[in-house]
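Novice: This is the structure I have questions about; it appears just below.
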Amino acid sequence: MLLVYANDFEAVKKIYIDVIENTPLIEQYARWVYGKHSTDEQLRAYILHDEMYFLMDEDDAAGVVAISMNQGAEYEKIVWRDKLPNDQVATVHLLAVSPSYQGRSLGIKILEEAMKIAVRNGKKALRLDALKTNLPAQRMYEKAGFLYRGEQRLYAENTGVTDFLYYEKIPELDLFKEG
């Protein structure tokens, strides 16, 4: 994956808008609404902190993801395999595959690459969340080897109060070992 830079902002924004406008049933599953989730401010913050990456297909961006090298406070309430300090965990946010590339298991490829990035940064776990309604994302996470760890109800700008499911993958237990 390639790190996204500030001059890539419009390309990143275009992918998210394309996903929102052209992914069937996105309102039912992910409930993404551009300007609420994601926002320009969220995207710029991830880019500014070197946390946004492109998955490339030759010269085209096939997908994009944010990978934070810590976890937010909402993750602290979940019972994880290991209780780890926030800075020993990487978290995946805003994983998106461009509609023209969907159906090719590229979401799993992005998660595999996210694990490589987490390992290179010395993280002991890679975590993420999904709306309880987002069945395709849940299936993808489980297929990629993530284990369900818990659920909690939270408020989000794009969904209101809703249930989130939390998943985790531990590098030492991952079949992938970077060579």
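The values are calculated or read from the model by the stated rules, or taken from the named source; none is laboratory data. Because the structure is a prediction, the values reported are computed rather than measured. Using ideal geometry, Cβ is built from the backbone for each residue, glycine included, and neighbour counts are taken over all protein chains shown. Only protein heavy atoms, including side chains, enter the accessible area calculation; ligands, DNA and RNA are left aside. Shrake-Rupley method; radii C 1.70, N 1.55, O 1.52, S 1.80 Å.
Novice: Considering region 63-84 alone, what residues qualify as being within 17 Å of the chain's Cα centre (by Cα) and in a helix (DSSP H, G or I)? Give the derivation first.
Specialist: Going residue by residue through region 63-84, those that are within 17 Å of the chain's Cα centre (by Cα) are 63-75.
Hits for region 63-84 are 73, 74, 75.
Novice: Can I ask one more? Give all pairs with beta carbons closer than 6 Å in which a residue from region 5-23 that is under 14 Å from residue 36 (Cα atoms) meets a residue that is hydroxyl-bearing (Ser, Thr, Tyr) and open to solvent by less than 100 Å² (accessible area, probe 1.4 Å); count only pairs at least 6 apart in sequence or on separate chains.
Specialist: Every condition considered, the pairs that remain are 16/38; 17/34; 20/34.
Novice: For region 85-128, enumerate the residues that are open to solvent by 40 Å² or more (accessible area, probe 1.4 Å) and touching a Phe, Trp or Tyr at 6+ places or on another chain (Cβ under 7 Å).
Specialist: Correct list: 112 only.
Novice: So which of 21, 41, 74 ends up being closer than 19 Å to residue 154 by Cα and either open to solvent by less than 50 Å² (accessible area, probe 1.4 Å) or not aliphatic (A, V, I, L, M) (or both)?
Specialist: Working: 21 fails: closer than 19 Å to residue 154 by Cα; 41 fails: closer than 19 Å to residue 154 by Cα.
One residue alone meets the criteria, 74.
Novice: Here's a follow-up. Look at region 44-71 and say how many of its residues are touching a residue at least 40 places away in the same chain (Cβ under 8 Å), open to solvent by 50 Å² or more (accessible area, probe 1.4 Å) and either touching a strand residue (DSSP E or B) at 6+ places or on another chain (Cβ under 7 Å) or acidic (Asp, Glu) (or both).
Specialist: Qualifying residue count for the region: 3.
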